[in-house]
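For reference, the structure discussed in these notes is given below.
The values are calculated or read from the model by the stated rules, or taken from the named source; none is laboratory data. In this text the structure is predicted, and so the values were computed from the model without any measurement. Note that we place each Cβ from the backbone using ideal geometry, even for glycine, and neighbour counts take in every protein chain shown.
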Amino acid sequence: MARYFATCARGLEPVLAGELNDLGARDIEPGRGGATFHGDAAMLYRACLWLRTAVRVLRPIHEFDVRSPDELYDAVRSINWSDWMTPDQTLAVDCNVRDSAITHSQYAARRVKDAICDQFRDRTGRRPSVDTEQPMIGLNLHVSKNHAILSLDSSWSSLHKRGYRPIQTIAPLNEALAAGLLLRANWDKSTPLVDPLCGSGTFCIEASWIALNRPPGLTRKWFAFQGWPDFDRPLWNAIRDDARRAVRKDLPAPIAGSDVRQDAVDLALQNARAAGVGNLLNIQRLEMRDARPPSDVPGVLVCNPPYGERIGEEEELIGLYARIGAAAKEYWPGWRLLVFTSNTMLAKKVGLKVVHKEPFFNGSLECFLWEFATGR
């Protein structure tokens, strides 16, 4: 039984804890930006495969106080690294520092790497090579207020990267956050979901995977835990095969998206095909006011409109937010309207009664998920 820490966007900690509970994790303790839990190898594999809101699942191997790069080097070198890897395996170190005497994350990562490589060189005459893209052993160093936690990173590449969306330098909403918002809103997957400002289609695709009971890590080709000394390949294959057999073939209710921009619609369709749900989603080019419910059964109308962060843009967006509210009231009575935005002034322009609002962080930006009543 090992201790793990799963990271997530701030605000999603309760959702992540709920996911871990559903997977059978033990001793779950939500904290800032994630949750601690305990479990065996099967639990770790299920977490990496199934967690929709997690960004990383870390296995802490050493905690210590540190006030200088030399102290960091000595502490890391004191670990018996032959317990965790061999000199034939590749290595990479990711580091983040906050409010500490150590201020340079890249230099701290280099000192960790040096300590490990120097130990292997002195003991065996060989040293591990570095592979920052797909290391066999990925390490995460977190230093906050001069307290360091060194962990094995079970995936290395972030779990929010599902494989269906091209790498974007600026993504308004990542996959893990989109899924987390749907889960936090308690969307009933037996009811329809529509995103009338769908952009690249993230809400629609994540909703379809939830409704189909499809794990977000099912088609991922590689997790870093596959390079760990105790990796149990037959167990991993069995867990993945069980998950594959449980995936539904059809959606229980319609999921649709639309956007006024043809390039956005084209990208959403491309992403949906890459996610294996292109034949199940209805995505088309439409003005917000022209979108209509796909079913007589009320569901969720969800969108992530622009926030108006650039100078002068806010005024231009007042009309868009007002149109969202007007269209929802006229054509979507009885539906739950969810609007995710960082701009409170614009959110109020929706002009409908606020049922609930809850804070989340999109990167470093504080946002709110607003729920409005559409009436009936």
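For the range 150-166, the criterion of a residue being more than 21 Å from the chain's Cα centre (by Cα), of a type in the set (D, E, K, R) and within 18 Å of TRP84 (Cα to Cα) is satisfied by no position.
Contact map, the range 209-235: residues that are over 19 Å from ARG52 (Cβ atoms) paired with residues that are among the β-branched types (Val, Ile, Thr) and outside any loop (DSSP other than H, G, I, E, B), Cβ distance under 6 Å, separation 6+ or inter-chain. Pairs shown: GLY227/ILE137. Considering the range 168-186, the residues that are part of a loop (DSSP other than H, G, I, E, B) and either at pLDDT 95 or above or touching a Cys at 6+ places or on another chain (Cβ under 7 Å) (or both) include one that is surrounded by the fewest Cβ atoms within 10 Å (Cβ to Cβ), namely ASN186.
Which one of these is basic (Lys, Arg) and without any contact (Cβ under 8 Å) to a residue 40 or more places away in the chain: ARG240, ARG285, ARG336? Step by step, each of ARG240, ARG285, ARG336 is checked, and only ARG285 is basic (Lys, Arg) and without any contact (Cβ under 8 Å) to a residue 40 or more places away in the chain. Within the range 205-226, restricting attention to residues that are surrounded by fewer than 20 Cβ atoms within 10 Å (Cβ to Cβ) and within 21 Å of THR86 (Cβ to Cβ), the residue that is modelled with the highest pLDDT is GLN226. Against the conditions (1) among the basic types (Lys, Arg); (2) assigned to a loop (DSSP other than H, G, I, E, B); (3) not assigned by TED's automatic domain parsing to the domain that holds ILE255, LYS189 satisfies every one except (3). Looking only at the range 324-367, residues that are among the hydroxyl-bearing types (Ser, Thr, Tyr) and farther than 22 Å from GLY299 by Cα come to 3 in all. Of the residues examined, THR90 is not one that is at pLDDT below 95 and out of contact with any Lys or Arg (no Cβ under 9 Å at 6 or more places or on another chain).
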